[in-house]
Amino acid sequence: MDAAGMKIRDMRKYLDGKDFSSVELTEEFLKRIEENDAESDCFITVTKEKALSDAELADKKIKEGGGYGALCGIPLAVSDNICTKGILTTCNSKSLENFSPPYQSAAMEKLESQNAVLLGKASLDEFGMGFGSTGSARSVAASLSAGAVCSDTGGGARRPAAYFKTTALRPTYGRVSRFGLTAFASSMDQVSPIAKDARDCAIILNSLAGHDKRDMTSSKNEVPDFTAKIGRDIKGMKIGLVTEFLDAIKDSEVKNSVLNAAKTFEALGADVSECSLKSFRYSVAAYYIISSAEASSNLAKFDGIKFGYRSPDGADYNELIANTRSEGFGWEVKRRVLLGNFVLSSGQYEEYFEKACAVRQALRREYDEIFGRFDILLSPTSLAAAYDFGGAGSPAEAYQSDIFTVSSSLAGLPSISVPDGTGAGISLTGAKWEEAALVQAADALENSK
Amino acid sequence: MDLEAVKYLSELGKLGLSDEEAKRAAGDMAGIIEILDIIKEADVIFDPLSGNRGATLNDLREDIKDKPFSTGELMKNAVNSDNCFVVPKVLE
């Protein structure tokens, strides 16, 4: 039985039926990680002892019978920008190479309360800047984890998920507490699950969502069961194809993939029609202005004084900090700090940052109007099928490739990426707080193939 | 973007860039700012009263003393001595 290749809900069935134990399941994953991770490079830290100890606890719960959650005994990867108490949390940055958090993130608390199993801390682009949560997506694709909990700011869960042909669900901003998630752009960061399909993502989200008094932006809205609408008929669901999104797609394979998804929805009884998002053309610029501004502020804390890497050189306090940050940060991070300072600086603030905030307000108004008429918006996740991990393109080109994910991030909307044949992924965006409908539509699309 | 501007921004960000890095940054920034400049065409004005409506800012938590971290826990990740963070002399 290929337990590691199963979906979470199937593992649940077999764990509950005692066909295998969580310890056996975890040992299988750990063996696969040992055999394959040198090549896949999904994990920064493999938490072998903790994983087995988590699994033993989970088995005890299952043996006692009843009263445990859907993730009990399920082996997961957690992105290395989510704080795990006493366990190295590096954000894949030299500046945090030796950082062991003295506190647990809200996401980890939730997973622990469910007796989920922590396999290890998954790799990501430094601080999530760049392609994003690559280790999380890859670990799920390679069955090195049953699912992953990572972050999405401007597409950092969705785009790697699309590339590695898995599913990522970015919740509505405020749905999941950001306490303990290393801040990149605080007004857009969201803890997001990646799993083999929409239903598994919804199962993980059920465990993560909920108000947290330690995160002021965390919503007090009641948390529904995000799997509740799965399998219901989508007849009459209104699916929107944004004209500006379609015009932006240059790759014919990607365009056909989206149009085929639209046809599939129509065949399932949904109403598909076009709509317009006028401010879309400014969304990449608005995203990079706002996210870099927020990042430059959030990263100011990394100075090596109270935690993190400290440079051995520094004649005085200021020089020590400058050397620490220069040696600690990679080039992309430095670029974003410079960009953030630029857009916030005197003489530029009104032209860039304030304007970007105005565009963001306009995007929200336009999305509000669209979701008065539509239930779901359909687009590709990525501009092109392939991503050049070697980074042959210019930074500007790389930033432009975020075009389909950033606008939903700016507006705080939930969005899910499901795999298609191209590797660009199909993205569905829903109205605020409507993750259940989003999962319903995504599940319908995934199961139509 | 000229080197002086890059050096100024790097000082703001407390990044010590070498001349070579500053040159590289100037080139990168020029390309990036080119794509950001489209924002100037947007015919929108920021409404400070509606602000960031996407975020619901909930009540402040109650002003109740919580269990503090121990000094040891907080010092664990830092260069420290005698319960102090060690830094180069700031004042002579």
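Readers should treat all values here as calculations from the given coordinates under stated rules, not as data from a laboratory. None of the values given here were measured: they were computed from a predicted structure. Neighbour counts are summed over all protein chains in view; Cβ atoms, including those assigned to glycine, are modelled from backbone coordinates with ideal geometry.
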Task: Filter pass, residue A:351 being more than 7 Å from chain B (Cβ to nearest Cβ) and either among the charged types (D, E, K, R) or within 30 Å of residue B:13 (Cα to Cα) (or both) - done: no
Open item on the list: Filter the stretch A:155-171 down to the residues that are outside any strand (DSSP E or B), among the hydroxyl-bearing types (Ser, Thr, Tyr) and closer than 18 Å to residue A:444 by Cα and list them by number.
Closed with: A:166
Task: residue B:45 exposed (fewer than 14 other Cβ atoms within 10 Å of the Cβ), at the interface with chain A (Cβ under 9 Å from one of its Cβ atoms) and not in a helix (DSSP H, G or I) - done: yes
TODO: Tally the residues that are in contact with a strand residue (DSSP E or B) (Cβ under 8 Å, 6 or more places away or on another chain) and within 21 Å of residue A:253 (Cβ to Cβ), restricting the search to the stretch A:423-441.
DONE: 5
Task: Top-ranked residue in the stretch A:331-346 [being free of Cβ contacts under 8 Å to residues at least 12 places away in the same chain and either surrounded by fewer than 20 Cβ atoms within 10 Å (Cβ to Cβ) or among the β-branched types (Val, Ile, Thr) (or both); ranked as farthest from the other protein chains (Cβ to nearest Cβ)] - done: A:346
Open item on the list: within 14 Å of another protein chain (Cβ to nearest Cβ) and either over 25 Å from the mean Cα position of the chain (by Cα) or closer than 20 Å to residue A:372 by Cα (or both): which single residue out of A:280, A:245, A:302, A:265 fits that description?
Closed with: A:280
TODO: Go through (1) within 30 Å of residue A:330 (Cβ to Cβ); (2) loosely packed, with under 12 Cβ neighbours inside 10 Å one by one and return the number of the condition residue B:92 breaks.
DONE: (1)
Task: Top-ranked residue of the stretch A:306-326 - restricted to ones that are out of contact with any Lys or Arg (no Cβ under 7 Å at 6 or more places or on another chain) and among the charged types (D, E, K, R), ranked as farthest from the other protein chains (Cβ to nearest Cβ) - done: A:313
Task: Of the criteria (1) β-branched (Val, Ile, Thr); (2) over 19 Å from residue A:237 (Cβ atoms); (3) touching an Asp or Glu at 6+ places or on another chain (Cβ under 6 Å), which one residue A:381 fails - done: (3)
